[in-house]
1. Here are some residues: 14, 37. Which one is over 19 Å from residue 118 (Cα atoms), assigned by TED's automatic domain parsing to the domain that holds residue 348 and either touching a helix residue (DSSP H, G or I) at 6+ places or on another chain (Cβ under 9 Å) or surrounded by fewer than 17 Cβ atoms within 10 Å (Cβ to Cβ) (or both)?
2. Which one is surrounded by the most Cβ atoms within 10 Å (Cβ to Cβ), of the residues in the range 291-332 that are assigned to a strand (DSSP E or B) and touching a strand residue (DSSP E or B) at 6+ places or on another chain (Cβ under 6 Å)?
3. Among the residues of the range 241-271, what is the count of those that are in a loop (DSSP other than H, G, I, E, B) and either surrounded by 15 or more Cβ atoms within 10 Å (Cβ to Cβ) or not assigned by TED's automatic domain parsing to the domain that holds residue 308 (or both)?
4. Kindly indicate whether residue 208 is more than 23 Å from residue 12 (Cβ to Cβ), in contact with a strand residue (DSSP E or B) (Cβ under 6 Å, 6 or more places away or on another chain) and not in a loop (DSSP other than H, G, I, E, B).
5. Out of curiosity, is residue 117 over 30 Å from residue 281 (Cβ atoms), surrounded by fewer than 21 Cβ atoms within 10 Å (Cβ to Cβ) and touching a residue at least 40 places away in the same chain (Cβ under 8 Å)?
6. Would you mention how many residues in the range 211-228 are touching a strand residue (DSSP E or B) at 6+ places or on another chain (Cβ under 6 Å) and over 16 Å from residue 279 (Cα atoms)?
7. Is it the case, given these coordinates, that residue 152 is surrounded by 13 or more Cβ atoms within 10 Å (Cβ to Cβ), under 21 Å from the mean Cα position of the chain (by Cα) and modelled with pLDDT under 95?
8. In the range 56-94, which residues are closer than 23 Å to residue 173 by Cα, in a helix (DSSP H, G or I) and over 18 Å from the mean Cα position of the chain (by Cα)?
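The values are calculated or read from the model by the stated rules, or taken from the named source; none is laboratory data. The structure displayed is predicted, hence computed values, not measured ones. Please note: Cβ atoms are built from the backbone with ideal geometry, for glycine as well, and neighbour counts cover all protein chains shown.
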């Protein structure tokens, strides 16, 4: 099986989430990823121990990789790292601000070693400016990007429940590397890519920014409801909760006809247009709840499906693990853990006809140090 990035070698000085997520996605496409770790390892190895003794974060974003332990405080360790970089296609790092420069491996020095290298730096806030040296953890970047100002309830903000700032930065690093590889194929030259978590998440915040910048008012926090569309969100039934969303006036009319079974609601002046429904949300919900309180979950979902209204059940992680659609599409694979157990893991979301993504093992700390250094002549 030939994968798109077969033959591409990636060397990483990575930790936590952002850079490991980027490099794991490259490895899914066939790239060889050599992960450089200190003797204590990537600190994400110790975030928890829930996956047969391994950390859930580490298992998620470190499959397919080779772990090489180097002492980067020693001349021999730095020489070995430079030797690996000299033969790599991509180098990714997300060390603390200034750390890579102290190692003597800024982008100019690395490209001097290897002019065809694609050099990727992921940081919290980017180079320059008063924030350059600030530490950046996911929650803090969510705050700085304004995400918490639009997430949560009217009474209290809430962080997103996953590492969304890290994930955004990792995604842009991943797509940036793919673009740079195409560009290198045209020019024969490497490149330097910089991704900041603030700017990556800022891109995802563009809609609420535009809403506030030109609408003159902050988009309100609305819990699980949609801030600017109604009805859109959770509604209680007689035995649970269902979620649904109305996107246009055609759907609204159909919803009133089939789900509420009351055509008059569609033409009620309080609800006859999207803006009016948002302005009169409490009254709207009262009307909807009067019907949904008489229906079971299954009955409500059946009516919504009949009307062609997008809907969903509220699932927890156990429900997600048993999701019938993922099972029907055969989306789960077993990934080998360092000590012989396996972890059931999702295939990457892009499905290709010509190949299946690599789903290789999670490396034990330093498991590949001797073999990789010997291969590269760095003993």
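1. On the way: 14 fails: over 19 Å from residue 118 (Cα atoms).
Only one candidate qualifies: 37.
2. Checked the range 291-332; the qualifying residue surrounded by the most Cβ atoms within 10 Å (Cβ to Cβ) is 311.
3. Residues of the range 241-271 that are in a loop (DSSP other than H, G, I, E, B), as a first pass: 246-248, 260-263, 268-271.
Retained after the next criterion (residues that are either surrounded by 15 or more Cβ atoms within 10 Å (Cβ to Cβ) or not assigned by TED's automatic domain parsing to the domain that holds residue 308 (or both)): 246, 260, 268, 271.
Residues in the range 241-271 being in a loop (DSSP other than H, G, I, E, B) and either surrounded by 15 or more Cβ atoms within 10 Å (Cβ to Cβ) or not assigned by TED's automatic domain parsing to the domain that holds residue 308 (or both): 4 in total.
4. Criteria not met by residue 208.
5. No, not satisfied.
6. 1
7. yes
8. As a first pass, look at the range 56-94 and keep what is closer than 23 Å to residue 173 by Cα: 56-68, 81-82, 84-94.
Those still in the list that are in a helix (DSSP H, G or I) too: 56-61, 81-82, 84-86.
Result: 81, 82, 84, 85, 86.
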